[in-house]
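In what follows, a single structure is set out as structure tokens and then discussed.
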Amino acid sequence: MVARDRRMIVTSILLPLVVTPLLFLGSSLGIKKHEKKLAEMVYPCAVSGPRAAMVKDLLAATRKRLDAAAATNKTVFRFKEVVCADPVQSLNQGDIQLILEGLPASSDDASHTNSAIHSGPSTAKPSEKDNSDDVEKPVPGSPVVRIVFRGDRHESAAGLSKMREALSQTRRLERAELLKTAGFPLPTENVVAVTEANLASQTQISGLALGKSLTLLLLLFIFSSGAVVATDSLAGEKERGTLETLLTTAAGRLEILAAKHLVIVVVALLITAIQILNLLAYIHFKLIPVPANWAAAITPFTAALLFFLYVPLAALAANVLLLVSGYARGYKEAQMWFLPVLLVGLVPALAPWLPGVPLRSAAVLVPIANLALAAKEILTGSFDWPMIALAWLVTAGAAAWTARLGARSLVQERLVTAADTDAVDFAGGPALFERRVLLWFCVIWAVLLIVSNYTSALDLRFQLVINLVGIFFGAACLMIRIYRLDPKLALALRFPRPAVWLGLVLAVPGGMLSALGLFRLANLLLPAPTRTVESFTDALLPPNVPFIQILLFMTVLPGIFEEITFRGLLLHGLRRRLHPVPLSLVVGIIFGIFHVALFRLVPTAALGAMFAGVTLLTGSIFPAMVWHAASNALGLLASKFNLPENELDSVCYLAGAGLLAAAFWIFWRHRTPYPDLRRPPPSR
């Protein structure tokens, strides 16, 4: 039946067969056409500024040199001077591509650096981006030539690069002639010339360009084509009412789900095979015009290895598609969910585009991202077999886990019937909140990202009030109202036993040192750029805000409103879906993700798990609030007084772990467990 489905044939077979070669052919022809256009283009430019005569002389010398070179080189840089009443307006309108300004050294404009300005022209001095050996600061009193361009136009940006090189070459030749005329006394054998040697072959460079996009393109086809089959296999049958008829047969539910799952897996593997054969046929055997070096990057052995590498990726994508189709109540709802699933699934496939993220790092433990990095390294000829095998096993494990999750989840009556609502949906209230809590937090995270993008230029205090009070606390109040939650129960507003406060005295320094130790360990696997860490620290301590206010806004507000959101509503909503230890870890990870900083993810998630743990043991949110505020205060004080918290001896981190263990021992001895938790099954 699937093989007779026209939509499946078109999306799973015809589109991969046609689209991929069209992409290769279109990109190859487009790049060649654009390069030819830039090579043959005559760049119009205008001259302005108080030292315009100097610029004209320099341009005349440059044009004379280039005209002489044009006799043997047809692709030499060519330009023409255009007289404009308003050069900036002409540049903005596209009548010219460059403005060359002659400026005296005393001008403030001479200090401008190369930058792309979206609202107007960009500027560059010839000496600032020059890769030659004569890069130096201008001699005091010497004039400056400033090149003004539009960074949002390819022609203008290309003209900048070519004009800068042309002027710099003219300057080098004129200076060499002056030195020769003056009788340069240094023997030529003492003059060192610097050259470059690229050890990477053109094949490896081509493989790098191909490897960055291969996994992304493959996932796009698998999700878009597999969604057609997955949508019809469960969501479509529920809508048509045929799934209930199928369930009355002798086949069991797991058998029915396994059959549907295998169909989607076969479609995903078929798409994978087609894409690999596309690479082999169109690139290796050169059925379409592609760069010559691409053929060496794709060999029959490489193609077979890539297909085997992508097998768990296809299985994982099929599992996710089947889960989405099973959870949807109808065809339209399934189609609505496939777009966000597609976008989320494509995010880890962008790992090869991130600079400085090798396969031999913590990324090898991230499904999809690890295979994307492995494919890139395979295509560049770097066969790190242990890491490739580990990446394959990690993604295969994720595929097996999602398959098991699907088998356990999709046999529920709610997911195999076409009913629009069940008892929980109809009644609403706290039970419905538990089902939708993760969806709420996805929406909150999206709103936080959008709002933060518009408030990043505001004062730090306003940002905190908007994010913590407006978004977090506002969403918490909204959830309590919509689902008729008891605030005292949902937020764990009860006082713990007095001994718990003694444990907090140990927990605050112990938790901070332990989190810092985890940060150092994570930094070994995925190093955080030093500049990023410094910028983050500087942003926390703005010079125009009194430190006492920073301390107030960064300790009290997060300690109250973040705890209400995460150790209050989120913990309450997930308490019956996960056992206590996984529950603490999941709440901590979500807490770390909300801080939107990759280098802070591990320590922040660890602290979030600790706060969740103390809430579960004491049955109260108040210890987590105090711990959170005190931990932030310690971090701010360490930054204020430049304490080397990330450079402590290993003994300090071990001591912190000891203090943390002692604190949780006190919490355990004086525990008042969180009510209504999911309990492990009794042992037989």
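The values are calculated or read from the model by the stated rules, or taken from the named source; none is laboratory data. This structure is a prediction, so every number in the text was calculated from the model and none was measured. All Cβ positions, glycine included, derive from the backbone under ideal geometry; neighbour counts span all protein chains shown. Heavy atoms of the whole protein, side chains included, go into the accessibility calculation; ligands, DNA and RNA do not. Shrake-Rupley method; radii C 1.70, N 1.55, O 1.52, S 1.80 Å.
Results for (1) at pLDDT below 90; (2) assigned to a helix (DSSP H, G or I), shown as yes or no for each residue.
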| site | (1), (2) |
| --- | --- |
| 484 | no, no |
| 493 | no, no |
| 496 | no, no |
| 500 | no, yes |
| 514 | no, yes |
| 519 | yes, yes |
| 522 | yes, yes |
| 532 | yes, yes |
Qualifying positions in the range 552-562 - open to solvent by less than 40 Å² (accessible area, probe 1.4 Å), more than 19 Å from residue 596 (Cβ to Cβ) and either of a type outside the set (S, T, N, Q) or not in a helix (DSSP H, G or I) (or both): 559
Test: residue in the range 543-559 that is aromatic (Phe, Trp, Tyr) and over 30 Å from the mean Cα position of the chain (by Cα): yes
Matching entry among 676, 649 (being closer than 29 Å to residue 486 by Cβ and acidic (Asp, Glu)): 676
Complete set of residues in the range 650-684 that are under 21 Å from residue 603 (Cβ atoms) and either at pLDDT below 90 or of a type in the set (Phe, Trp, Tyr) (or both): 650, 651, 652, 653, 664, 667
Counted residues, the range 63-90 - those being touching a residue at least 40 places away in the same chain (Cβ under 8 Å) and either open to solvent by 50 Å² or more (accessible area, probe 1.4 Å) or under 12 Å from residue 43 (Cβ atoms) (or both): 5
Selection count, the range 38-58, where residues are without any contact (Cβ under 8 Å) to a residue 60 or more places away in the chain and within 15 Å of residue 162 (Cα to Cα): 4
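Table: residues versus (1) touching a residue at least 12 places away in the same chain (Cβ under 8 Å); (2) β-branched (Val, Ile, Thr); (3) surrounded by 15 or more Cβ atoms within 10 Å (Cβ to Cβ).
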position: 634; (1), (2), (3): yes, no, yes
position: 641; (1), (2), (3): no, no, no
position: 649; (1), (2), (3): no, no, no
position: 653; (1), (2), (3): yes, no, yes
position: 660; (1), (2), (3): yes, no, yes
position: 667; (1), (2), (3): yes, no, yes
position: 672; (1), (2), (3): yes, yes, yes
Residue count for the range 563-597, restricted to those that are in a helix (DSSP H, G or I), within 15 Å of residue 445 (Cα to Cα) and open to solvent by 10 Å² or more (accessible area, probe 1.4 Å): 3
In the range 318-347, the residues that are β-branched (Val, Ile, Thr) and either open to solvent by 50 Å² or more (accessible area, probe 1.4 Å) or more than 23 Å from residue 272 (Cα to Cα) (or both): 344, 347
Unmet requirement for residue 298, which otherwise passes all of (1) touching a Lys or Arg at 6+ places or on another chain (Cβ under 9 Å); (2) modelled with pLDDT under 80; (3) open to solvent by less than 20 Å² (accessible area, probe 1.4 Å): (1)
Qualifying positions in the range 615-624 - closer than 14 Å to residue 562 by Cα and either open to solvent by 30 Å² or more (accessible area, probe 1.4 Å) or within 30 Å of the chain's Cα centre (by Cα) (or both): 622
From 250, 230, 193, residue being out of contact with any strand residue (DSSP E or B) (no Cβ under 8 Å at 6 or more places or on another chain), modelled with pLDDT of 75 or more and more than 21 Å from residue 352 (Cα to Cα): 230
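Yes or no, residue by residue, for (1) within 28 Å of the chain's Cα centre (by Cα); (2) in a helix (DSSP H, G or I); (3) within 18 Å of residue 330 (Cβ to Cβ); (4) without any contact (Cβ under 8 Å) to a residue 12 or more places away in the chain:
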| residue | (1), (2), (3), (4) |
| --- | --- |
| 211 | yes, yes, no, no |
| 215 | yes, yes, no, no |
| 221 | yes, yes, no, no |
| 232 | no, yes, yes, no |
| 256 | no, yes, no, yes |
| 272 | yes, yes, no, no |
Test for residue 436: is it part of a helix (DSSP H, G or I), of a type outside the set (A, V, I, L, M, F, W, C), over 17 Å from residue 558 (Cα atoms) and modelled with pLDDT of 85 or more: yes
Residue match in the range 390-398 (condition: open to solvent by 70 Å² or more (accessible area, probe 1.4 Å) and within 22 Å of residue 316 (Cα to Cα)): yes
Near pairs, Cβ below 8 angstrom, 6+ apart or cross-chain, from the range 466-485 (under 10 Å from residue 569 (Cβ atoms)) to any residue that is hydroxyl-bearing (Ser, Thr, Tyr) and part of a helix (DSSP H, G or I): 472/565; 475/565; 476/565
